[in-house]
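Before anything else, here's the structure in question.
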Amino acid sequence: MTLAMTDEDLAFRDEVRRLLREQLTPDLVRATRLNTSVFSDPGPSLRWHRILHARGWVAPAWPLEYGGTGWSLVKRWIFETECGRAGAPSLSPLGLRMAGPVIMHFGTPQQKAHYLPRILSGDDYWCQGYSEPGSGSDLASLRTRARRVREADGTEAYRVDGSKIWTTHAQHANRMFALVRTGEDTPRRQEGISFLLIDMQTPGITVRPIRSISGDHEVNQVFFDDVRVPIEARVGDEGQGWTIAKYLLEFERGGAIQAGRLRAALERVLLLDTEGRLNSDPDLALALSMIELDIDALEATELRVMATMQVGQNPGSSSSSMAKLRWSEIHQSITKLGVRLLGDDALAWESLRPLDEHESDAGLADVARPIISQYLNARAYTIFGGTSEIQREIIAREVLG
Ligand SMILES: Cc1cc2nc3c(=O)[nH]c(=O)nc-3n(C[C@H](O)[C@H](O)[C@H](O)COP(=O)(O)OP(=O)(O)OC[C@H]3O[C@@H](n4cnc5c(N)ncnc54)[C@H](O)[C@@H]3O)c2cc1C
């Protein structure tokens, strides 16, 4: 796909390329290429985050008044595409694309003044406390409870008990946004849910690691035992959590530009084809063509979602679901093609993480090292952020009627 670019856009593209040439160091690029899990590791990701923050470019989607860039749709596309192509680490979306938009939309002036600059600077690293054992797709069944109590000093606070699961990067985060049950006897169970911002250092919080099939530690179970959360840390009204959660999910699923990064991932996988099998094997050639067409189609959807957000609206649940559904499945197809091209070497297992900080213990070259773990990790893409079945249900309900 080509967008109509003005001279100003082309000059901007040169500016982005200059930044990438000057500031995106080879070790950051290597860390991105060897990354096996959903998000980049916080080490390289935060280094890149701070470089972009210093340039004023860390939150292109935010309104100018909160520290955004005021870029046009085309400029945002250029930026994301160039970063993807150059191999820049991806930034954690949990603050920039989830907590941030929610606080901007529903937060008090005090919450905005406190949290938004800390998200921009990278001083706060967030995790998402939605899912619970037994409450994933059926999120409204969540049971982690926040009781409102009067403390000995006379102040009111919530006391939180329960557990969250599959919490990505909770081991690195100093903040969690969480859905908790504040009302038991509401007519609809959604009405009893509130949205809290929790300091992960608070006594009573325990983070237990879960090792995934790909060998990575990216998810956790988080336990809350009588955890004190100030009333001022609630976003919106008590009982408004479900509305806020849905607003946030639209940003989680949509609003990103994945096409550039998918193309970059595909290009890396193609480096494995040292014997020209993509030309000689019609099956592989077909798989490659399908992926290329799918990326083009996704890009058109992403641009449409961005155009909606550009005029100040949230993406809309069906568009976000469509984008999430497609990029997760395309990502899986790319990793599958990688395994097919890798052949027997796919049996070799890298046991040390992160890969960029360790020599290969499987005797593989850099280009081959992450492939099998990325393939295994990609199984999660059609689960987190709402499974593909749930996305299809949303699309069917809202688009097909
Ligand atoms: C790698 C990873 C990272 C994650 N990170 C986070 C995180 O940071 N924070 C967080 O809160 N959560 C996180 N999650 C949790 C994720 O959001 C849930 O796993 C997801 O919502 C599915 O819930 P579940 O696992 O309970 O599966 P279930 O809801 O039990 O679903 C099981 C199966 O049933 C299907 N199903 C369920 N309901 C329906 C229906 N109504 N119609 C059709 N099919 C249905 C599902 O599609 C799925 O195939 C993460 C998950 C993974 C794998």
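Please find, among 129, 162, the residue that is within 16 Å of the ligand (Cβ to nearest atom) and within 21 Å of residue 106 (Cα to Cα).
129
Moving on. For the stretch 353-401, give me the residue count where each residue is among the β-branched types (Val, Ile, Thr) and within 16 Å of the ligand (Cβ to nearest atom).
6
Given the residues 343, 338, 385, which is the only one that is closer than 21 Å to residue 290 by Cβ and touching a residue at least 60 places away in the same chain (Cβ under 8 Å)?
Answer to the selection: 338.
Related question: Which residue out of 52, 34 is under 21 Å from the mean Cα position of the chain (by Cα), buried (at least 19 other Cβ atoms within 10 Å of the Cβ), away from the ligand (no atom under 16 Å from the Cβ) and over 26 Å from residue 308 (Cβ atoms)?
The conditions single out 34.
A follow-up question, please. Could you tell me whether residue 71 is of a type in the set (Phe, Trp, Tyr) and under 29 Å from residue 170 (Cα atoms)?
Details: of a type in the set (Phe, Trp, Tyr): yes; under 29 Å from residue 170 (Cα atoms): no.
No, not satisfied.
Right, residue 393: charged (D, E, K, R) and touching a residue at least 12 places away in the same chain (Cβ under 8 Å) or not?
No.
Which helices (runs of 4 or more DSSP H) sit wholly inside the stretch 1-109 and have at least 1 residues that are of a type in the set (Phe, Trp, Tyr) and either free of Cβ contacts under 8 Å to residues at least 12 places away in the same chain or touching a strand residue (DSSP E or B) at 6+ places or on another chain (Cβ under 9 Å) (or both)? Steps first, please.
Details: elements: 7-23, 26-33, 42-55, 73-86, 100-106.
Once the helices (runs of 4 or more DSSP H) in the stretch 1-109 are filtered for at least 1 residues that are of a type in the set (Phe, Trp, Tyr) and either free of Cβ contacts under 8 Å to residues at least 12 places away in the same chain or touching a strand residue (DSSP E or B) at 6+ places or on another chain (Cβ under 9 Å) (or both), what remains is 100-106.
Could you tell me whether residue 154 is in the same structural domain as residue 220 (by TED's automatic domain parsing), under 21 Å from residue 102 (Cβ atoms), away from the ligand (no atom under 16 Å from the Cβ) and among the small types (Gly, Ala, Ser)?
Here the answer is no, as residue 154 does not meet what is asked.
Do any helices (runs of 4 or more DSSP H) lying entirely in the stretch 227-308 carry at least 3 residues that are closer than 29 Å to residue 321 by Cα, and which ones are they?
Working: elements: 241-253, 259-270, 277-280.
Passing ranges, in order: 241-253, 259-270.
Right, here's the next one. Pick out the one residue from 168, 206 that is within 18 Å of residue 132 (Cα to Cα), free of Cβ contacts under 8 Å to residues at least 24 places away in the same chain and outside the structural domain of residue 61 (by TED's automatic domain parsing).
206
The values are calculated or read from the model by the stated rules, or taken from the named source; none is laboratory data. Nothing here was measured: the structure is a model prediction, and the numbers come from that model. Neighbour counts are summed over all protein chains in view; Cβ atoms, including those assigned to glycine, are modelled from backbone coordinates with ideal geometry.
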